[in-house]
1. Filter the range 460-482 down to the residues that are surrounded by fewer than 18 Cβ atoms within 10 Å (Cβ to Cβ) and out of contact with any strand residue (DSSP E or B) (no Cβ under 9 Å at 6 or more places or on another chain) and list them by number.
2. Taking the conditions exactly as written (over 26 Å from residue 575 (Cβ atoms) and at pLDDT 95 or above), does residue 322 satisfy them or not?
3. Show me the helices (runs of 4 or more DSSP H) entirely contained within the range 286-370 in which 2 or more residues are touching a residue at least 60 places away in the same chain (Cβ under 8 Å) and crowded, with 21+ Cβ neighbours inside 10 Å.
4. Name every residue in the range 397-430 that is assigned to a helix (DSSP H, G or I) and out of contact with any helix residue (DSSP H, G or I) (no Cβ under 9 Å at 6 or more places or on another chain), in order of residue number.
5. Across the range 417-438, which residue is surrounded by the fewest Cβ atoms within 10 Å (Cβ to Cβ) among those that are farther than 15 Å from residue 585 by Cβ and modelled with pLDDT of 90 or more?
6. Pick from 142, 132: which is within 21 Å of residue 84 (Cβ to Cβ) and without any contact (Cβ under 8 Å) to a residue 40 or more places away in the chain?
7. Please go through the range 246-267 and pick out each residue that is in contact (Cβ under 8 Å) with a residue 40 or more places away in the chain and buried (at least 21 other Cβ atoms within 10 Å of the Cβ).
8. How about the range 371-390: which of its residues are without any contact (Cβ under 8 Å) to a residue 60 or more places away in the chain and surrounded by fewer than 23 Cβ atoms within 10 Å (Cβ to Cβ)?
């Protein structure tokens, strides 16, 4: 008997890291110890899942076709470096020494598009478009040429490259709700703008009164009415007026006749927060009766059903919903559920096929392929990626697997991720390509792990070094110029201007300094959830949310109570990225263990 008690006490420690939640709130306390005995009797199917394949070999194991001779390789490297510094005369001397001129379009584009050291003439831009309109820079050159051309001039040479390369195989889209006619869409758009303006100024009651007195609202489709009410209910919830939030959300569900998943979710969450767990279960379960709901929403709902049933002393139902959640294995909640059931992350061992010689020769036949190989030889990897992404658009079926293999061998993360995300959803996934390991190095004096940096980059830019947002954020880690300026000044980092944010190493150097700064803030104190939220929405918003939201010291409730949908999704995706990168790098997933146990995840260095 004593041995059994000792075993139970030992298992209690294990289950502390695998149970759904601690269930300790202001008005409600529940020990999970009684359920340990129940869990001991459950035969959970423990299927070993292989880790994702990783390329641990030397990248030189892959032999890149030698398009350029060694002499020209060195000359091109010098030219690109000299032009980056604005040393045009020196670069011109080197250009004269070239034997192979295949990369001159890229050389001159670098010059004409230089951010500070060169002002290109219209005649130069026009001449470039005449010769090199099939290059990735053609749209930027064309746009600049239109600004510089004389009014009477007609620019005849236009880009011959796609502005955007869409998905070709994975074209599935989640169509939620019914298709609305144009009149309904216009009404909804105007009403949403008006309501949003009220809510931005914290005028929730005015927003609600406006809707109730609006003829446009009364003539609106029920589904769209519910979506507008959802915004008001969330605002009341955010300000702690939970009774009003409950009333509005229930009205939204009633109007939509249980047909809008967001109304059901918000109402279920409010009931959960009020301790009305039977009712929260009822609303959450209705979401599973709807069609075309995205996996991330189904995973979230199933996990909260597991939490609700566990608190409601229905462990069988809790385990059932946990198992359902694990079927959405690529999601934040899917991975939490796997941890709760002591299952490893589900990462296919499906290896990326190595590119074959015959495929390399096929790529070389294309001008873009030839230029790409030459660019790779001179270590202009980002330019090569742009060429190869455009080449993919010409014949996706033909080039998919060869380019996928090349992207892994040459460590081209943007190309890897682009192709992996475009894989047929019915086929096995290439996790090695979905979560690529880039070649970039940076000065890392802040103890920020690669897994965290890669996770943020993957979410912010998908490894696109040229990414720019509408807000002005730039580069891999989407840093605002004013933030970069502030960090550089305080940390005494050499920073020449916003154009440097498009340089991978500089962007990562500043980005990791920013993450380190956030983690050290008094209101964050190494908390990864707070850091991620602040990175996306700013420290001011985080401070407001922590002050206003009554999240019962529950990390998952805090995430789901964030009033900005983008930030809610951002935090969950960054954590999911961290866990997959920890798995790929062979590191412990401490934040996953803590969150699965209902604890706040703190940053712990593992590199």
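The values are calculated or read from the model by the stated rules, or taken from the named source; none is laboratory data. Worth saying up front: this structure is predicted, and the values here are computed from it rather than measured. Quick reminder, even Gly has a Cβ in these numbers, built from the backbone with ideal geometry, and neighbours come from all protein chains shown.
1. Scanning the range 460-482 gives 462, 469, 470, 471, 472, 482.
2. no
3. Once the helices (runs of 4 or more DSSP H) in the range 286-370 are filtered for at least 2 residues that are touching a residue at least 60 places away in the same chain (Cβ under 8 Å) and crowded, with 21+ Cβ neighbours inside 10 Å, what remains is 295-311, 315-326, 332-340.
4. Narrowing the range 397-430 to residues assigned to a helix (DSSP H, G or I): 397-409, 413-421.
Scanning the range 397-430 gives a single hit, 397.
5. The first filter runs over the range 417-438 and keeps only residues farther than 15 Å from residue 585 by Cβ, leaving 417-430, 433.
When the remaining residues are screened for being modelled with pLDDT of 90 or more, the result is 417-422, 430, 433.
On the way: 417: 19, 418: 23, 419: 29, 420: 21, 421: 15, 422: 19, 430: 24, 433: 24.
Here the residue is 421.
6. Values: 142 fails: within 21 Å of residue 84 (Cβ to Cβ).
None of the others qualify; the one that does is 132.
7. Listed by number, the residues that qualify are 248, 260, 261.
8. The first filter runs over the range 371-390 and keeps only residues without any contact (Cβ under 8 Å) to a residue 60 or more places away in the chain, leaving 372, 381, 384-385, 388.
Across the range 371-390, the qualifying residue is only 381.
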